[in-house]
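**Q** Have a look at this one.
The values are calculated or read from the model by the stated rules, or taken from the named source; none is laboratory data. Note that this is a predicted model, so its numbers are computed, not measured. Reconstructed Cβ throughout: ideal geometry from the backbone, glycine too, with neighbour counts over all protein chains shown. Note: areas computed on protein heavy atoms with side chains; ligands, DNA, RNA excluded. Shrake-Rupley method; radii C 1.70, N 1.55, O 1.52, S 1.80 Å.
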Amino acid sequence: MKTHSIAVLEGDGIGPEIMAEALGVLRVVGEQSGVKFALHPALFGGRAYFETGSAFPDETKAICDRCDAILKGPIGLSFEESKKIPVDEQPERGALLPLRKRYNTYANFRPVYLPAELAHFSPLKPRVVEGGIDIVIIRELVGGLYFGEKEVGKRSDGTRYVRETLDYDEHQIARILHVAFKESMGRKRVLHNVHKNNVLKSSVLWCEILDEVAPHYPDVQVKHIIVDAAATALVLNPRQFDVMVMENMFGDILSDLGGGLLGSLGLMPSACIGTEKSYYEPSHGSAPDIAGKGIANPYSMIGSVAMMLEKSFHMPAEARRIMDAMRNVFGQGFTTADLRDPEGKLAPVSTREFSEKVLEQLRG
Ligand code: IPM
Ligand code: MG
């Protein structure tokens with residue numbers, strides 16, 4: 001029997017609840033497909049810090065090193081809880097960015113996917129989302145401002161200052177662009193290049209490299225759009241987009257905007273593809289305010305399992321079945337209380353009940 005090993009980092013807040021459901025789905029897929037998934041739980045994030053003194057403990061690193069893929073829940077603490085941890089050990093800086101760096105997970109896929117069955121969650125007018133939204137935001141994930149050198153200090157006159165650097169080299173840019181072009185080839189062959197080359201030199205180099213990479217993909221039509229204009233265009237006419245590619249911080253911001261188009265970041269799974277190893281996570285945070293209440297929707301965590309099956313384990317049919325199953329559950333009028341339901345027409349079920357319905361669909 002084929003075995004895939006998976007490091008399971010359930011994380012903080014709603015992490016354990018939604019991870020439990022995602023693993024339930026994985027179990028059923030394993031039974032149905034005859035593939036064995038060997039799960040290796042490990043501490044990561046705020047809880048890891050409080051239990052071990054490190055948000056990304058060595059033992060967790062060793063487990064992740066040994067596994068074929070990493071499935072990660074959301075991490076992070078409430079504002080008050082965060083203050084109990086030194087700034088550099090707080091889960092985002094102390095665990096998440098180091099995880100991305102360790103496995104060089106440079107290609108972040110964030111689907112902004114709103115099929116008809118989910119359309120009621122979007123705050124946009126029905127005529128804007130009519131026919132559905134289906135965008136893949138491809139975000140460079142290990143370069144730019146988030147990983148550049150930082151300096152904090154005081155000038156001689158006592159003025160406090162901070163300097164953060166935005167670094168990219170041509171190889172980093174080229175590899176993410178190749179990922180985006182390849183993704184485009186399998187889709188509508190329209191690629192939006194998101195940049196700010198009227199101001200930033202990093203974007204000038206980015207666009208230069210794009211001109212060098214594009215001829216390898218003559219069938220893909222490239223459309224250039226400046227990042228601020230892209231934010232407006234995403235709201236006014238999201239259906240014009242298919243694949244969008246951008247550097248780290250632009251992708252951080254626009255992918256959250258994508259979550260807004262869907263009605264919730266809870267509807268956005270993601271894949272973080274590395275040179276050798278990849279990890280999968282919901283695009284949202286740990287939502288400490290609703291943790292433990294059984295009302296968090298597991299869509300993004302279960303969707304991350306689907307992305308892992310597709311991208312790490314080459315099981316695209318299983319991935320599609322999972323996404324279809326979740327779509328059908330929404331299509332039947334079910335939801336969880338965390339997702340907005342402006343018309344109050346949906347039947348709220350718990351996190352567990354939602355995933356039980358997904359399992360029913362999968363068992364067909
Ligand atoms: C995300 C998050 C992270 C990021 C934070 C938690 C460091 O917002 O995955 O989008 O900025 O990349
Ligand atoms: Mg973000």
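**Q** For E51, are the conditions met, namely being open to solvent by 20 Å² or more (accessible area, probe 1.4 Å), touching a Leu at 6+ places or on another chain (Cβ under 9 Å) and not aliphatic (A, V, I, L, M)?
**A** yes
**Q** Given the criteria away from ligand 1 (no atom under 16 Å from the Cβ), modelled with pLDDT of 95 or more and over 25 Å from K125 (Cα atoms), does K196 qualify?
**A** Taking the combined requirement at face value, the residue satisfies it.
**Q** Of the residues that make up the stretch 304-319, is at least one assigned to a helix (DSSP H, G or I), more than 18 Å from V136 (Cα to Cα) and away from ligand 1 (no atom under 16 Å from the Cβ)?
**A** Taking every residue of the stretch 304-319 in turn, at least one turns out to be assigned to a helix (DSSP H, G or I), more than 18 Å from V136 (Cα to Cα) and away from ligand 1 (no atom under 16 Å from the Cβ).
**Q** What's the number of the condition G263 fails, among (1) on the phi < 0 side of the Ramachandran plot; (2) more than 14 Å from ligand 1 (Cβ to nearest atom)?
**A** G263 satisfies all of (1) on the phi < 0 side of the Ramachandran plot; (2) more than 14 Å from ligand 1 (Cβ to nearest atom) except (1).
**Q** Moving to a separate point now. Within the stretch 192-233, which residues are hydrophobic (A, V, I, L, M, F, W, C) and either part of a strand (DSSP E or B) or touching a Gly at 6+ places or on another chain (Cβ under 7 Å) (or both)? Give the derivation first.
**A** Residues of the stretch 192-233 that are hydrophobic (A, V, I, L, M, F, W, C), as a first pass: 194, 199-200, 204-207, 209-210, 213-214, 220, 222, 225-227, 229-231, 233.
Residues satisfying the conditions are V194, V222, I225, I226.
**Q** On to the next question. Would you mind stating whether L309 is of a type in the set (A, V, I, L, M), open to solvent by less than 10 Å² (accessible area, probe 1.4 Å) and within 16 Å of ligand 2 (Cβ to nearest atom)?
**A** Answer is no for this residue.
**Q** Can you work out which of the residues in the stretch 249-260 that are within 24 Å of D341 (Cβ to Cβ) and buried (at least 21 other Cβ atoms within 10 Å of the Cβ) is farthest from ligand 2 (Cβ to nearest atom)?
**A** G258
**Q** Can you confirm whether the stretch 110-117 contains a residue that is farther than 28 Å from L177 by Cβ, crowded, with 19+ Cβ neighbours inside 10 Å and not acidic (D, E)?
**A** No - not one qualifying residue is present in the stretch 110-117.
**Q** May I ask you to verify whether D219 is touching a residue at least 24 places away in the same chain (Cβ under 8 Å) and either among the polar types (S, T, N, Q) or open to solvent by 60 Å² or more (accessible area, probe 1.4 Å) (or both)?
**A** yes
**Q** Something else: Out of curiosity, is V28 of a type in the set (A, V, I, L, M, F, W, C) and either in the same structural domain as V179 (by TED's automatic domain parsing) or within 30 Å of R363 (Cα to Cα) (or both)?
**A** Against the criterion (of a type in the set (A, V, I, L, M, F, W, C) and either in the same structural domain as V179 (by TED's automatic domain parsing) or within 30 Å of R363 (Cα to Cα) (or both)), V28 qualifies.
**Q** Is it the case that the stretch 264-275 has a residue that's out of contact with any Phe, Trp or Tyr (no Cβ under 8 Å at 6 or more places or on another chain), within 24 Å of Y168 (Cβ to Cβ) and open to solvent by 60 Å² or more (accessible area, probe 1.4 Å)?
**A** Within the stretch 264-275 (the criterion being out of contact with any Phe, Trp or Tyr (no Cβ under 8 Å at 6 or more places or on another chain), within 24 Å of Y168 (Cβ to Cβ) and open to solvent by 60 Å² or more (accessible area, probe 1.4 Å)), the answer is no, since none of the residues qualifies.
**Q** What number goes with the only condition from (1) closer than 27 Å to R327 by Cα; (2) more than 15 Å from ligand 2 (Cβ to nearest atom) that T232 does not pass?
**A** Only one criterion is unmet by T232, namely (1).
**Q** Considering D228, D211, D289, which residue is away from ligand 1 (no atom under 14 Å from the Cβ) and not assigned by TED's automatic domain parsing to the domain that holds D167? Spell out how you get there, then give the answer.
**A** Values: D228 fails: not assigned by TED's automatic domain parsing to the domain that holds D167; D211 fails: not assigned by TED's automatic domain parsing to the domain that holds D167.
Result of the check over D228, D211, D289: D289.
**Q** Give the residues of the stretch 331-345 that are assigned to a loop (DSSP other than H, G, I, E, B) and among the hydroxyl-bearing types (S, T, Y), sorted by residue number.
**A** Within the stretch 331-345, T336 is the sole residue that qualifies.
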